[in-house]
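Student: One structure is given below, represented as structure tokens, and several questions about it will come after.
The values are calculated or read from the model by the stated rules, or taken from the named source; none is laboratory data. Please read these numbers as outputs of a predicted model, since none were measured by experiment. Virtual Cβ from ideal backbone geometry, glycine too; neighbours counted across all protein chains shown. Accessible surface areas use protein heavy atoms only, side chains included; no ligands, DNA or RNA. Shrake-Rupley method; radii C 1.70, N 1.55, O 1.52, S 1.80 Å.
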Amino acid sequence: MCGIVGLYLKKPELESQLGKLFEPMLEAMTDRGPDSAGFAIYGDEVADGWVKLTLQATTEGYDFAALVKAVGEKLGTELDWFQNASAIVLKIKAEEAPVRAALNELAPTVRIMSAGQSIEILKGMGLPREISERFGLASMKGSHIIGHTRMATESAVTMEGSHPFSTGADLCLVHNGSLSNHFRLRQELRREGINFETENDTEVAAGYLAWRLQQGDSLKQALDSSLEALDGFFTFAIGTRNGFAVIRDPIACKPAILAETDDYVAMASEYQALSSLPGIEKAKVWEPVPATMYIWERASA
């Protein structure tokens with residue numbers, strides 16, 4: 001079944017409240033996804049020439065300090081980092097490719113959840129409340145965030161199989177639904193150089209968008225193409241460095257609701273997840289039209 005939630009703040013002065021506003025939205029989707037949960041938050045951007053990666057360990061007590069020291073010595077460049085439960089955010093003055101290569105060599109069991117200049121992805125197994133408390137969601141700051149609560153249907157319940165999925169710089173996707181052609185499309189995308197780490201159908205959708213963007217598509221063009229390339233039922237919420245988007249398949253059997261005020265745009269699988277937002281009683285509220293893209297983005301940095 002799964003639950004999707006997203007919140008995009010229009011006013012920078014509200015960014016200190018992002019996590020506090022979003023936490024009850026994520027937890028409201030518990031009944032739709034009690035297996036695992038996660039979120040992608042955008043903010044705390046690094047400068048050009050730097051890359052920010054979210055790393056998550058699959059074992060308790062992983063020695064991230066030793067890993068970061070080894071990465072710094074190997075690449076010989078400036079870096080900074082902080083730990084959040086089983087994850088760290090690593091900021092490093094380097095291109096993404098050599099950092100990934102170093103991490104794959106030094107720590108093959110550590111998962112790279114996201115990479116870019118703004119994005120951080122935190123996720124894991126457990127109830128949404130457990131995930132939000134584990135990572136301190138309520139105290140987080142940023143410009144926008146999307147989240148997901150999972151009831152597994154297509155693959156095993158694991159940290160790696162939970163959403164969001166990221167397969168491109170500052171790009172992520174969460175999904176409610178099921179794709180019927182993900183196996184064939186995964187093989188085709190691998191031949192195009194897109195890497196996958198799970199058998200989850202949602203990761204294929206994220207990989208498809210990443211590939212189309214690499215080919216020069218705008219986000220709107222990539223989403224338009226996905227309506228023909230992806231077979232199945234879906235509601236997607238997509239996060240980018242500058243904003244987020246929502247799209248449903250042409251049949252639109254998976255629910256979604258949008259709300260907009262002068263302060264924010266919010267989306268969820270059910271209205272109850274929006275009910276805690278300030279001013280929601282005066283918001284414009286509507287159900288997204290099938291096969292129609294809804295995109296909100298701030299000006300490029």
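Student: Could you work out, for the range 46-117, what percent of all Cα-Cα pairs fall into each 10 Å distance bin, beginning at 0 Å and stopping at the bin that holds the largest distance?
Tutor: In whole percents, the pair-distance histogram is 21, 62, 17, 0.
Student: Determine Rg/Rh for the range 1-106; Rg is computed over alpha-carbon atoms and Rh is the Kirkwood hydrodynamic estimate from the same atoms. Before the final figure, lay out the partial values.
Tutor: Numbers: Rg = 16.8 Å, Rh = 16.2 Å.
Checking Rg against Rh, the ratio lands at 1.03.
Student: Of Lys69/Lys141; Lys254/Lys284; Lys69/Lys91, which ones are farther than 24 Å apart at the Cα?
Tutor: The answer is Lys69/Lys141.
Student: Answer with one residue from Val68, Ile4, Gln214: the one whose Cα lies farthest towards the positive end of the charge dipole of the chain, charges on Cβ with Lys, Arg +1 and Asp, Glu -1.
Tutor: Gln214
Student: What label, among (i) 18.0, 55; (ii) 21.4, 65; (iii) 21.8, 73, belongs to Rg and Dmax of the Cα atoms in Å computed from the structure on display?
Tutor: Label of the calculated value: (i).
Student: Still on this structure, I have one more. If contacts are Cα pairs under 8 angstrom and at least 6 residues apart, what is the relative contact order of the range 46-117 in percent?
Tutor: 51
Student: May I pose another question? I'd like the FRET efficiency for Phe183 and Tyr271, computed as 1/(1 + (r/R0)^6) with the beta carbon distance as r and R0 of 45 Å, rounded to 0.05.
Tutor: The computed FRET efficiency comes out at 0.80.
Student: Compute the signed sum of charges (Lys and Arg +1, Asp and Glu -1) over the other residues within less than 14 Å, Cβ to Cβ, of Ile280.
Tutor: Once positives and negatives cancel, what remains is -3.
Student: Oh, and also: Quick check for you: with a 1.4 Å probe and neighbouring chains kept, what is the accessible area per residue of the range 46-117, in Å²?
Tutor: For the range 46-117, the solvent-accessible area averages 48 Å² per residue.
Student: Just to check I understand the Karplus step: with θ = phi - 60° and J = 6.51 cos²θ - 1.76 cosθ + 1.60, what whole-Hz values come out for the range 264-274, glycine and proline as x?
Tutor: Ordered by residue, 3J(HN,Hα) equals 7, 10, 10, 9, 7, 6, 9, 4, 4, 6, 9 Hz.
Student: Can you give me the long-range amide H partners of Phe244? Hydrogens built in the peptide plane at 1.01 Å from N, cutoff under 5 Å, separation of 5 or more residues or another chain.
Tutor: Result for Phe244 returns Trp296.
Student: Round to the nearest 0.05 the FRET efficiency obtained for Thr77 and Arg191 when R0 = 22 Å and r is the Cβ-Cβ distance.
Tutor: 0.10
Student: If you don't mind, another one. Report the label-to-label distance for Glu228 and Thr261 in nanometres (one decimal), using points 7 Å from each Cα along the Cα→Cβ vector.
Tutor: So the label points at Glu228 and Thr261 sit 4.1 nm apart.
Student: Distance from the Cα centre of the range 10-52 to that of the range 213-278, in angstrom?
Tutor: The range 10-52 and the range 213-278 have Cα centres spaced 16 Å from each other.
Student: Multiply the residue separation of Ala299 and Asp48 by 0.36 nm, subtract the distance between their alpha-carbon atoms, and state the gained length in nm to one decimal.
Tutor: Once the chain is fully extended between Ala299 and Asp48, it gains 88.7 nm.
Student: What is the sum of charges, Lys and Arg at +1 and Asp and Glu at -1, for the other residues whose Cβ falls under 10 Å from the Cβ of Phe233?
Tutor: Here the count lands on 0.
Student: Could you name the aspartates and glutamates whose alpha carbon sits less than 18 Å from that of Lys11, not counting residues in the same chain fewer than 8 places away?
Tutor: Of all the aspartates and glutamates, those that pass the test against Lys11 - Cα under 18 Å, at least 8 places apart if same chain - are Asp44, Glu45, Glu260, Asp262, Asp263, Glu297.
Student: Considering only protein heavy atoms and a 1.4 Å probe, what is the carbon-and-sulfur percentage of the accessible area of the range 47-198?
Tutor: 49
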